[in-house]
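Q: Shown below is the structure under consideration.
The values are calculated or read from the model by the stated rules, or taken from the named source; none is laboratory data. Predicted model only: the values in this text are computed from it and were never measured. Glycine gets a Cβ as well: all are built from the backbone with ideal geometry, and neighbour counts include every protein chain shown. For the accessible areas, the whole protein counts, side chains as well, though only heavy atoms, and no ligand, DNA or RNA atoms are used. Shrake-Rupley method; radii C 1.70, N 1.55, O 1.52, S 1.80 Å.
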Amino acid sequence: MRRVMQTLMVLAVLGAVAGGAVVGFGLFNVSARVGHLPGVSWVLHTTFRNSVRLRASRRDDMPDLADPSLIELGARHYDAACRTCHGAPGETPSATIAAMVPAPPMIATAVADWQPHELHWIVSNGVKMSGMPHWPATRDDDVWPVVAFLVSVQDGMPGDDYAALTDLPAPRAPGDYCLGCHGQGGSDHVPPLEQQSAAYLEMSLRAYLDGTRSSGIMAHAVSEVPAETLGGLAQWFADRPAEGGVLPDMPAERIAEGRALAQAATGDRDVPACQACHGPDASETSELFPDLGRLPAPYLRTQLTLWRDGKRGGGPRADLMRKAAQHLSDSDIEALAAFYATLPPQDGK
Ligand code: HEC
Ligand code: HEC
Ligand code: HEC
């Protein structure tokens, strides 16, 4: 028995010395050109697939993935953040991307075998040691637009449809890239910016940049422009006239319920009157109180839920809003979204 133990110890020491030599003297060849030893790629890829299947569970926050405005937002984010590696539908990889180890699969292949909740897991978490990045935000409900887009690729989205969704006019002004998502007639999940003050817009951009306000989509967008141009971009949007968009169709009784909630504090649940800060006819004013008029109802619903659940960050006055939303019920949120989505912007910036 003693002899066995001694042999095992000697082997352990030799193993550690060999491992140390590989690391210390650089004996392991990291060249991507050489690739992996036979079988290693298979082991890594199979581990990846089984790991995802074990960890990705069905989620009860999955939205309707056939919603065209979710697909459009996902496609635009994909075009800016993922296309470099996975290509557009129908596209072939560049020689440089094809030389990655492991090479990212082209998008139609990448989505082929996965369920939506598994795609959500992969895009949220990324894949270690492969180049596949994780979602650049702590919040992950905003991965769903990308999943909605990936599912429409699974359903055979042709390259022409992709181009129609993502094509941008050649940028003339710095804000043209942003207008791809924030322009008139954009997605119901993206807020228009023209009605807000430059101070609110700049504060929000800086909050996305440093992660105080979590959004994988905006974290990417804001990192695409130089930080010193953010003040100018905010001013450019604030100088444009607020158009108010198309009046959405909302049930009259929900709007009335929302108006009542917005106008008067509900003492029993400690919900203050939203109107005091957000208008119309606000009693307290600040450049950092956003104008909620005609923000799309799905966007308002998401933001109010994030505020209520303590997941919406922002600037120096965000605590006021966190407190205001903490006792809202799902039904209050529906009603408030219906009211503000139908109220014209006040353009009081
Ligand atoms: C820098 C390159 C890179 C970027 C950017 C990137 N990926 Fe990946 N992705 C990879 C690589 C490499 C893999 C293969 C991982 C493996 O097989 O181990 C991968 C795997 C995947 C898979 C799983 C495919 C499979 O093998 O079954 C999906 C789905 C995916 N990526 C979607 C996305 C989406 C959506 C984005 C943008 C939010 C994105 N990727 C951004 C490199 C990238
Ligand atoms: C791929 C689509 C996309 C692009 C491109 C994009 N945005 Fe956004 N933007 C969004 C989404 C989605 C949100 C909501 C994020 C959230 O939940 O906080 C948002 C939110 C914002 C907000 C917060 C508005 C508010 O009412 O609180 C500002 C400010 C903003 N974007 C400015 C910009 C600027 C400036 C650019 C260009 C540099 C830009 N965005 C590019 C999708 C986009
Ligand atoms: C005491 C002032 C105050 C009250 C009362 C208040 N809010 Fe706010 N609200 C704010 C501030 C400040 C922000 C911006 C915080 C930030 O992003 O830093 C905000 C942001 C918001 C946003 C995000 C808008 C966007 O473009 O992303 C929504 C939605 C909102 N409030 C709805 C409401 C509703 C509904 C109520 C009533 C239940 C309410 N607020 C009550 C101060 C207030």
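Q: For the chain, what are the DSSP H helices with axial Cα length of 24 Å or more and mean Kyte-Doolittle hydropathy of at least -1.0?
A: 2-24
Q: Treat the chain as a sphere of radius equal to its Kirkwood radius over Cα pairs and apply Stokes-Einstein at 37 °C in a medium of 0.692 mPa s; give the translational diffusion coefficient in µm²/s, rounded to a whole number. Write down the numbers at each step before the final one.
A: Numbers: Rh = 23.2 Å.
Calculated translational D: 142 µm²/s.
Q: Still on this model: In the range 28-108, which trypsin sites (Lys or Arg not before Pro) fall in coil by DSSP and have 12 or fewer other Cβ atoms within 10 Å?
A: 33, 58
Q: Cβ under 13 Å from residue 213's Cβ, residue 213 left aside: what net charge do those residues give with Lys, Arg +1 and Asp, Glu -1?
A: +3
Q: Label the range 230-349 by shape, choosing from rounded, prolate and oblate, from the square roots a ≥ b ≥ c of the eigenvalues of the Cα gyration tensor; if a/c is under 1.5 it is rounded, and otherwise prolate applies when a/b is larger than b/c, oblate when it is not.
A: On the way: a/c = 1.64, a/b = 1.23, b/c = 1.34.
Taking the square roots of the gyration eigenvalues as a ≥ b ≥ c, the range 230-349 is oblate.
Q: Hey, any idea what % of the range 43-166's accessible area is carbon plus sulfur with a 1.4 Å probe? Mind showing how you got there, number by number?
A: Values: 3670 of 6430 Å².
Exposed carbon and sulfur together represent 57 percent of the surface.
Q: Net charge near residue 312, counting Lys/Arg +1 and Asp/Glu -1 over other residues with Cβ under 13 Å of its Cβ?
A: That works out to +4.
Q: On to the next question. Taking K and R as +1 and D and E as -1, what net charge do the other residues with C-beta under 15 Å from the C-beta of residue 329 add up to? Please report the intermediate quantities before stating the final value.
A: Details: positive: 254, 269, 301, 308; negative: 257, 268, 270, 309, 330, 332, 334.
The answer is -3.
Q: Going by Cα centres, the range 106-144 and the range 171-211 are how many Å apart?
A: Computed from Cα coordinates, the inter-centre distance equals 25 Å.
Q: Which value, in Å², gives the accessible area per residue of the chain when a 1.4 Å probe is used on the protein heavy atoms?
A: 56
Q: Oh, and also: Near the amide H of residue 271, under 5 Å away, which other amide H atoms are found, from residues 5 or more places off or on another chain, if H is placed in the peptide plane?
A: 266
Q: Another question about this same structure. With each label point set 7 Å from Cα along the Cα-Cβ vector, what nm distance links residue 331 and residue 18?
A: 6.9
Q: Also: Distance from the Cα centre of the range 217-244 to that of the range 50-92, in angstrom?
A: The range 217-244 and the range 50-92 have Cα centres spaced 25 Å from each other.
Q: Sticking with this one: Between residue 266 and residue 210, what FRET efficiency follows from the Cβ-Cβ distance if R0 is 35 Å, with the result rounded to 0.05?
A: It comes to 0.50.
Q: Does the range 129-214 classify as rounded, prolate or oblate by the C-alpha gyration tensor (a ≥ b ≥ c root eigenvalues; a/c under 1.5 gives rounded; else a/b over b/c gives prolate, otherwise oblate)? Mind dumping the intermediate values first?
A: Values: a/c = 1.99, a/b = 1.23, b/c = 1.62.
Oblate, since a/c reaches 1.5 and b/c is not below a/b.
Q: Between residue 34 and residue 163, what's the calculated FRET efficiency when r is the beta-carbon distance and R0 is 35 Å? Round to 0.05.
A: Given R0 = 35 Å and the Cβ-Cβ separation, E is 0.40.
Q: Next question, about the same structure. How big is the C-alpha Rg of the range 43-166 next to the rule-of-thumb value 2.2 N^0.38 Å, as a ratio? Mind showing how you got there, number by number?
A: Details: Rg = 13.9 Å, N = 124, 2.2 N^0.38 = 13.7 Å.
The reported ratio for this selection is 1.01.
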